[in-house]
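Below is one structure, written out as structure tokens; comments come after it.
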Amino acid sequence: MLPALLFACSTNYVPKPAGYPRIAFPSRSYQMYQAACPFSFKYPTYATIVKDSSEGALPCFLDMKFPQFNATVHLTYKPVSSFKNLYEMTEDARTFAYKHSVKAEEIPDSVFYIKTNHVSGIFYDIMGNTASSLQFYATDSANHYLRAALYFNTHPNKDSLAPVINFIHADMDTMIRSLHWH
């Protein structure tokens, strides 16, 4: 029995890394969102926009759904009534982004300003196994404020979600660059 036991111990076993299914991304194409809200922007044709149906949602609270990715970008629009009001909303956006710091590895933020459209704000790229990976707010600093946050309807796993997050990141960039206030 001893020789068989020694033979079994000499086999080198190497575990295989976890594999993830290949994700087929749709071809990029965009359409304009124009409704009763005081803004418009381009959004992907493979996404749908519906009104937020949660309790307490205001008329221009929207959900941009990506059913093929089991993901939603929640959009919150509020009018700016004063400098104090704008400050409170931008601080809320920062607070919401940094609530993920418990699980986040890093939260780089980037300021953007699109002079031709009077759009400025901050984009938060929340890295790690967090509930929300991408968030931004955009404003004209006088009348309009729009906040967006990407959430997946699944347990966060940065390795498997990374390709989808990068894909939707480009869509959110397009949304910001095409944003117009009315």
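Some points to look at:
- Number of residues in region 131-164 that are modelled with pLDDT of 95 or more and either assigned to a strand (DSSP E or B) or under 30 Å from Lys84 (Cβ atoms) (or both): the value is 21.
- Matching residues, region 52-69, being farther than 25 Å from Arg28 by Cβ, in contact (Cβ under 8 Å) with a residue 12 or more places away in the chain and out of contact with any strand residue (DSSP E or B) (no Cβ under 6 Å at 6 or more places or on another chain): Leu58, Pro59
Residue-by-condition table, conditions (1) without any contact (Cβ under 8 Å) to a residue 40 or more places away in the chain; (2) on the phi > 0 side of the Ramachandran plot; (3) open to solvent by 70 Å² or more (accessible area, probe 1.4 Å):
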position	(1), (2), (3)
Ala35	yes, no, no
Phe41	no, no, no
Val50	yes, no, no
Ala71	no, no, no
His74	no, no, no
Glu106	yes, no, yes
Thr116	yes, no, yes
Tyr124	yes, no, no
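- Among the residues listed as Ser120, Ser101, the single one being more than 17 Å from Ile168 (Cβ to Cβ), modelled with pLDDT of 95 or more and surrounded by fewer than 19 Cβ atoms within 10 Å (Cβ to Cβ): Ser120
- Any hit, region 99-115, residues being of a type in the set (Lys, Arg) and part of a loop (DSSP other than H, G, I, E, B): yes
- Comparison of Ser54, Ser81, Ser141 shows that the only residue that is at positive phi, open to solvent by 60 Å² or more (accessible area, probe 1.4 Å) and of a type in the set (S, T, N, Q) is Ser141.
The values are calculated or read from the model by the stated rules, or taken from the named source; none is laboratory data. This one's a predicted model, so the numbers in the text were calculated from it and none came from an experiment. Here Cβ is always computed from backbone atoms with ideal geometry, including for glycine, and neighbour counts include all displayed protein chains. Note: areas computed on protein heavy atoms with side chains; ligands, DNA, RNA excluded. Shrake-Rupley method; radii C 1.70, N 1.55, O 1.52, S 1.80 Å.
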